[in-house]
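S.K.: Can you read through this structure? Questions will come right after.
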Amino acid sequence: MFYIPFLAIPALVCLFWIFVHWLLAARTLTFRLLVILLFFIFLTILGDGILTSMLGSGIAHIVIDFSAPCLIPLTYLYLRFLYKPYIYRPRHLLWVILPAILTTAAIILTVIMGLDETDELLARVHSGSFNVNDPANTHLNKLYYYWTVLSFKIIIFAEIAFMLGVILVMSFKLHLRPGIFVSLLQGKPIRVLAAQLVLAGAIFLIICLKMLLHATAYHDDPTWALSFAGIHSILYFLFGFFALFGAKEYITRRDIVTAFRFNYKPDTQSGVAEEIITDMSNSLSVESLTHVLSRLSTQHGVQPGRETSAKPGTGTSLSAAVLNVVSISSDESGLAPRFRDLMLQERLYLQPSLTLGDVAERLHTNKTYVSKMVNQTYKMGFPELLNILRVDYAQRYIRSHPDASQEEIAKACGFLSASSFNSTFKRISG
């Protein structure tokens, strides 16, 4: 069987993505769940081909009895988390009971029967010559078949049917259409969850087809074995690649291109960097954007007090960035741009005890509308936005008045007391 080493290629693909995700994506929400899933895929692939030739069918069957029934529940938890993040509960691990029962039965019966008899029994099962009603079969042979072979097939087919049903339901909810990857190549955005649904469905359909084939047709025919190994390698590679973007709801070809951004020519590096920063800014909250801009100004020696806006009188760099970048998608004839101009041009945020009602009165509207606009546009409440703008002004005030006391700084920036200023400044600026 010269082709046996080639069956390990899908397993190597899984190991590759485990390493890549550990190296590059260890802080993502789906990291642990995805790595556990890839590890169980790795175990299943080893038990299905490599371990059989190295350690015998008995040991390989124990590994598969434990790992294979875990794949579909783990995939379901991963896809469900992409669809709607949730908090893990103990009940989410109840599915472990089934693989635990199968594995325990396989270990006990293998120990009682011995490896040689177990290997011989599994060889007859795989060749199709095993007949449970054959008088030559012992009671242990029948128990092993029922508890480890037949039960395993029933559980796997039931899980695959469940998973395919979940994929169909999710696909219907997402209005998934054929040609999703063609749309990606054409530059259109696609949902990461939709791409993973398609890949997961293809993987489980291949697994189902493989189980329906006669075992000898798969293990003894190089064409079938290498075809399955090649298809699985491609599907696992794509699944692991798209998992890198699990924190993004949508992905475009541009996202994939800019992900490999460290080898651009010198004359294109600045343009690519600008595109990356622009794309990433859409995913940042106002507070995160404040931290980023503060760090950039420190690293590059930029004084936050410099006027950087194209329009005169639009404000300082950090305050303008917070109010302009985040509200860029707002309706320019609506409430958001008038609120932005009020803050930037008149620096209304420097007034002590400024309330939402005061701002609403200046904008000639109801404070409920202002509150709703601030929450929707800046993804935070009015008091937090007010504190960010005041801390930005405080940083510039400190640079221009190095001898000022804390009480003086707090008063100049709109804070009611030095203690309130100190705690807010530390929390926001870091």
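S.K.: Is there a residue being of a type outside the set (Asp, Glu) and touching an Asp or Glu at 6+ places or on another chain (Cβ under 8 Å) anywhere in the stretch 2-12?
M.R.: Yes, the stretch 2-12 has at least one match.
S.K.: Okay, next question. Going through the stretch 396-415 one residue at a time, which ones are modelled with pLDDT of 85 or more, within 28 Å of ALA360 (Cα to Cα) and not aromatic (Phe, Trp, Tyr)?
M.R.: The answer is ILE409, ALA410, LYS411, ALA412, CYS413, GLY414.
S.K.: For the stretch 108-131, check the following and say yes or no: at least one residue is under 27 Å from LEU174 (Cα atoms) and modelled with pLDDT under 90.
M.R.: The answer is no; no qualifying residue exists.
S.K.: Which of (1) closer than 19 Å to ILE428 by Cα; (2) touching a Leu at 6+ places or on another chain (Cβ under 9 Å); (3) surrounded by fewer than 18 Cβ atoms within 10 Å (Cβ to Cβ) is the odd one out, the single condition TYR369 does not satisfy?
M.R.: The number of the failed condition is (1).
S.K.: Keeping to the stretch 11-33, report how many residues are among the aromatic types (Phe, Trp, Tyr) and either crowded, with 21+ Cβ neighbours inside 10 Å or assigned to a loop (DSSP other than H, G, I, E, B) (or both).
M.R.: Result for the stretch 11-33: 1.
S.K.: Against the definition (among the charged types (D, E, K, R), surrounded by 15 or more Cβ atoms within 10 Å (Cβ to Cβ) and in a helix (DSSP H, G or I)), how does ARG124 come out, yes or no?
M.R.: yes
S.K.: Within the stretch 85-105, does at least one residue satisfy the condition of being more than 15 Å from GLU159 (Cα to Cα), surrounded by 22 or more Cβ atoms within 10 Å (Cβ to Cβ) and of a type outside the set (Phe, Trp, Tyr)?
M.R.: So far as the stretch 85-105 goes, no, none of its residues is more than 15 Å from GLU159 (Cα to Cα), surrounded by 22 or more Cβ atoms within 10 Å (Cβ to Cβ) and of a type outside the set (Phe, Trp, Tyr).
S.K.: Something else: Looking at ILE36, ILE50, ILE45, ILE59 in this structure, which one is assigned to a helix (DSSP H, G or I) and buried (at least 21 other Cβ atoms within 10 Å of the Cβ)?
M.R.: Of ILE36, ILE50, ILE45, ILE59, the one residue that is assigned to a helix (DSSP H, G or I) and buried (at least 21 other Cβ atoms within 10 Å of the Cβ) is ILE45.
S.K.: For residues that are exposed (fewer than 12 other Cβ atoms within 10 Å of the Cβ) and under 18 Å from GLU384 (Cα atoms), tally how many sit in the stretch 400-416. Steps first, please.
M.R.: Filtering the stretch 400-416 down to residues exposed (fewer than 12 other Cβ atoms within 10 Å of the Cβ) leaves 400, 402-403, 405, 416.
Imposing the further condition that a residue be under 18 Å from GLU384 (Cα atoms) reduces the set to 416.
Summing the residues that are exposed (fewer than 12 other Cβ atoms within 10 Å of the Cβ) and under 18 Å from GLU384 (Cα atoms) in the stretch 400-416 gives 1.
S.K.: State which residue is surrounded by the most Cβ atoms within 10 Å (Cβ to Cβ) when the search covers only the stretch 132-188 and only residues that are among the hydroxyl-bearing types (Ser, Thr, Tyr) and more than 24 Å from LEU74 (Cα to Cα).
M.R.: TYR144
S.K.: Taking the options ARG362, ARG338, name whichever one is in a helix (DSSP H, G or I) and either modelled with pLDDT under 85 or of a type outside the set (Lys, Arg) (or both).
M.R.: ARG338
S.K.: Restrict the check to the stretch 171-192 and report whether at least one residue is touching an Asp or Glu at 6+ places or on another chain (Cβ under 8 Å), more than 30 Å from MET113 (Cβ to Cβ) and assigned by TED's automatic domain parsing to the domain that holds THR103. Working first, answer last.
M.R.: To start, the set of residues in the stretch 171-192 that are touching an Asp or Glu at 6+ places or on another chain (Cβ under 8 Å) comprises 191-192.
Remaining after also requiring more than 30 Å from MET113 (Cβ to Cβ): 191-192.
Then drop every residue that is not assigned by TED's automatic domain parsing to the domain that holds THR103, which leaves 191-192.
Scanning the stretch 171-192 turns up at least one residue that is touching an Asp or Glu at 6+ places or on another chain (Cβ under 8 Å), more than 30 Å from MET113 (Cβ to Cβ) and assigned by TED's automatic domain parsing to the domain that holds THR103.
S.K.: Pairs needed: first member in the stretch 375-397, in contact (Cβ under 8 Å) with a residue 24 or more places away in the chain; second member anywhere, surrounded by 23 or more Cβ atoms within 10 Å (Cβ to Cβ) and small (Gly, Ala, Ser); C-beta distance under 7 Å; at least 6 residues apart or different chains.
M.R.: Sorted first by the residue in the stretch 375-397, then by its partner, the pairs are LEU389/SER319; ASP392/SER319.
S.K.: Then there's this: If a residue has to be surrounded by 15 or more Cβ atoms within 10 Å (Cβ to Cβ) and modelled with pLDDT of 65 or more to count, how many in the stretch 212-230 make the cut?
M.R.: Final tally of qualifying residues: 4.
S.K.: Out of the stretch 125-151, which residues are of a type in the set (S, T, N, Q) and closer than 12 Å to HIS61 by Cα?
M.R.: THR148 - this is the single residue of the stretch 125-151 that is of a type in the set (S, T, N, Q) and closer than 12 Å to HIS61 by Cα.
S.K.: State all residues of the stretch 127-151 that are outside any loop (DSSP other than H, G, I, E, B) and either aromatic (Phe, Trp, Tyr) or on the phi > 0 side of the Ramachandran plot (or both); if no residue qualifies, say none. Outline the logic, then answer.
M.R.: Taking the stretch 127-151 and keeping what is outside any loop (DSSP other than H, G, I, E, B), we get 127, 139-151.
Answer for the stretch 127-151, where residues must be outside any loop (DSSP other than H, G, I, E, B) and either aromatic (Phe, Trp, Tyr) or on the phi > 0 side of the Ramachandran plot (or both): TYR144, TYR145, TYR146, TRP147.
The values are calculated or read from the model by the stated rules, or taken from the named source; none is laboratory data. What you see is a predicted model, and the numbers here were worked out from it, not measured in a lab. With ideal geometry, Cβ positions are generated from the backbone for all residues, glycine too; neighbour counts draw on all protein chains shown.
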